[in-house]
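Here the structure comes first, spelled out in structure tokens, and everything after it is commentary.
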């Protein structure tokens, strides 16, 4: 389920347009060099195919899942939609942000409505509200509340 969220909100960026079968590094709205489906890289990363991007995404999501379960162990007994919502958040922002967040505390308290409100606060990139993050956080909040 988390892979569906990540693919939906990251998209496979085919840059430049004259090489439509491959992704090249680009700077995401938050200012980081990225390739494929939101994989962090450096500016000199070679172009990759969509299949290669999916391998990166699977690895990145495994890392996000491990961090999510380390910091929010209650999610092991919750519906998959809740786990997917927080894994997507962790994939997008990193385990460190989850670790130090009020979101983590609310999830571990199983206070789902407060956790959904916390998710909706994480909408800034580069110091400004990013519409894509507003949409992403809202979707994650809906997934978190599905079985509340």
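The values are calculated or read from the model by the stated rules, or taken from the named source; none is laboratory data. Predicted, not measured: the structure shown is a model, and the values here were computed from it. Virtual Cβ from ideal backbone geometry, glycine too; neighbours counted across all protein chains shown.
Brief remarks on what is shown
- Taking the stretch 48-65 as the range and being over 19 Å from residue 141 (Cα atoms) and in contact (Cβ under 8 Å) with a residue 24 or more places away in the chain as the test, the residues that pass are 48, 49, 50, 53, 57, 58, 60, 63.
Results for (1) under 29 Å from residue 145 (Cβ atoms); (2) out of contact with any strand residue (DSSP E or B) (no Cβ under 6 Å at 6 or more places or on another chain); (3) at pLDDT below 95, shown as yes or no for each residue.
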| site | (1), (2), (3) |
| --- | --- |
| 20 | no, yes, yes |
| 31 | no, yes, yes |
| 42 | no, no, no |
| 57 | yes, yes, no |
| 70 | yes, yes, no |
| 82 | yes, yes, no |
| 89 | yes, yes, no |
| 104 | yes, yes, no |
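- Any hit, the stretch 89-110, residues being in contact with a helix residue (DSSP H, G or I) (Cβ under 9 Å, 6 or more places away or on another chain), in contact (Cβ under 8 Å) with a residue 60 or more places away in the chain, surrounded by fewer than 21 Cβ atoms within 10 Å (Cβ to Cβ) and in a loop (DSSP other than H, G, I, E, B): no
- Residue check, residue 143 modelled with pLDDT of 95 or more, farther than 17 Å from residue 77 by Cβ and within 16 Å of the chain's Cα centre (by Cα): no
- Among residues of the stretch 129-148, those that are farther than 13 Å from residue 114 by Cα, in contact (Cβ under 8 Å) with a residue 12 or more places away in the chain and not in a helix (DSSP H, G or I), counted: 3
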